[in-house]
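The values are calculated or read from the model by the stated rules, or taken from the named source; none is laboratory data. This is a predicted model, so every value here is computed, not measured. As a convention, Cβ positions derive from the backbone with ideal geometry for all residues, glycine included, and neighbour counts pool all protein chains shown.
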Amino acid sequence: MAFETIIVEVEDHVALIKLNRPDALNALNSELLKELGQALSEADQNDKVRCIVITGSEKAFAAGADIKEMSEKTFVEMFLSDFFGDHGDAITKIRKPIIAAVSGYALGGGCELAMMCDFIIASDTAKFGQPEINLGVIAGLGGTQRLTRYVGKSKSMDMHLTGRFMDADEAERSGLVSRVVPGKKLMDEAMGAAQKIAEKSMLSAIAAKEAVNRAYETTLTEGLLYERRLFHSLFATEDQKEGMAAFAEKRQAQFRDK
Ligand code: HXC
């Protein structure tokens, strides 16, 4: 499908989705979020796709929700349309792993979009922030909840209350991103990670994603039980037999998602 605000390429089992509103630093408007939701859902259903990478430009992953689209909205319009609520929910329902490859600004809704992905690989130029307070509002796509869970209360409060930006080093130190690489290597690193994931059994990749995400939704006891049951269930798969046989035979496993 042709999109106006994103570019989608599928290569070697990886769907690469590039946010593409260069004149607005990839600000997230309704059109972009709708197209992103469609592209993600298509990738999730496409048997050829085994991992998804979302990226922006060198200057900006996304500089937030589109302020020009929002500025004249009334409370009633925001409330009745549940502004961006559906779009956020759609992204977190994708079952295949999603990597955010972040260069430059990831602010407001851009930071929130990156946090909705399964992990973030950042360029050394990345800048994360929740500067909505400077606009007289607060985060609205999960920032107060996800950033707090990922980096802790003190740093999250600092970011939301002062509106300051966090550089890539600080983001890595605080656990917001999994790796930081030089800008020129960002896409190789992200696509390399995606290829590695694409080689695994989709059964265990989806189970791992579900189990890690459960850690943010439930008690430790319930989460441990959920993990153990999923772990047990993977012994019903051919891929478990293949993975363990390949280890014993000192060869590369050939997973078939069965
Ligand atoms: C609309 C935006 C935009 C945004 C940048 N642009 N961010 N348009 N919404 N969020 C546009 C600018 O208006 C400008 O277009 C062009 O992109 C380039 O931006 P500049 O400001 O000229 O670039 P620069 O001086 O390099 O500054 C970069 C920046 C700054 C620091 C990232 O653009 C900035 O502060 N942007 C806003 C960041 C922000 O407040 N984000 C949170 C948004 S609220 P023109 O046509 O004027 O040249 C949010 C809420 C989420 O995200 C909740 C949703 C439910």
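Here are the criteria: (1) outside any helix (DSSP H, G or I); (2) within 13 Å of the ligand (Cβ to nearest atom); (3) crowded, with 16+ Cβ neighbours inside 10 Å. Tell me which single one L32 does not satisfy.
Going through the list (1) outside any helix (DSSP H, G or I); (2) within 13 Å of the ligand (Cβ to nearest atom); (3) crowded, with 16+ Cβ neighbours inside 10 Å, L32 breaks only (1).
Does the range 227-235 include one or more residues that are over 22 Å from the mean Cα position of the chain (by Cα), free of Cβ contacts under 8 Å to residues at least 60 places away in the same chain and not in a helix (DSSP H, G or I)?
Looking for residues that are over 22 Å from the mean Cα position of the chain (by Cα), free of Cβ contacts under 8 Å to residues at least 60 places away in the same chain and not in a helix (DSSP H, G or I), one finds none in the range 227-235, hence no.
What residue, of I94, I67, I52, is in contact (Cβ under 8 Å) with a residue 60 or more places away in the chain and under 25 Å from S201 (Cα atoms)?
Only one candidate passes the filter, namely I52.
Take the residues in the range 50-68 that are surrounded by fewer than 19 Cβ atoms within 10 Å (Cβ to Cβ) and not basic (K, R), then tell me which one is nearest to the ligand (Cβ to nearest atom).
Within the range 50-68, the match that is nearest to the ligand (Cβ to nearest atom) is I67.
From (1) in contact with a helix residue (DSSP H, G or I) (Cβ under 7 Å, 6 or more places away or on another chain); (2) without any contact (Cβ under 8 Å) to a residue 24 or more places away in the chain, pick out the condition that doesn't hold for S81.
(1)
Name the residues in the range 103-159 that are on the phi > 0 side of the Ramachandran plot and touching a residue at least 40 places away in the same chain (Cβ under 8 Å), would you?
Answer for the range 103-159, where residues must be on the phi > 0 side of the Ramachandran plot and touching a residue at least 40 places away in the same chain (Cβ under 8 Å): G104, G108, G142.
Does L16 qualify as being within 19 Å of K93 (Cα to Cα) and in a helix (DSSP H, G or I)?
Here the answer is no, as L16 does not meet what is asked.
Mind listing just one residue for me: the one in the range 196-213 that is more than 16 Å from the chain's Cα centre (by Cα) and surrounded by fewer than 17 Cβ atoms within 10 Å (Cβ to Cβ) and, of those, nearest to D47 (Cα to Cα)?
E199
What's the number of the only condition in (1) surrounded by fewer than 16 Cβ atoms within 10 Å (Cβ to Cβ); (2) in contact with a Lys or Arg (Cβ under 8 Å, 6 or more places away or on another chain); (3) in contact (Cβ under 8 Å) with a residue 40 or more places away in the chain that P182 fails to meet?
(2)
Could you grab me the full set of residues in the range 135-166 that are under 19 Å from the mean Cα position of the chain (by Cα) and of a type in the set (S, T, N, Q)?
Across the range 135-166, the qualifying residues are T144, Q145, T148, S156.
Being out of contact with any strand residue (DSSP E or B) (no Cβ under 9 Å at 6 or more places or on another chain) and at pLDDT 95 or above is the requirement here; does L161 meet it?
Yes.
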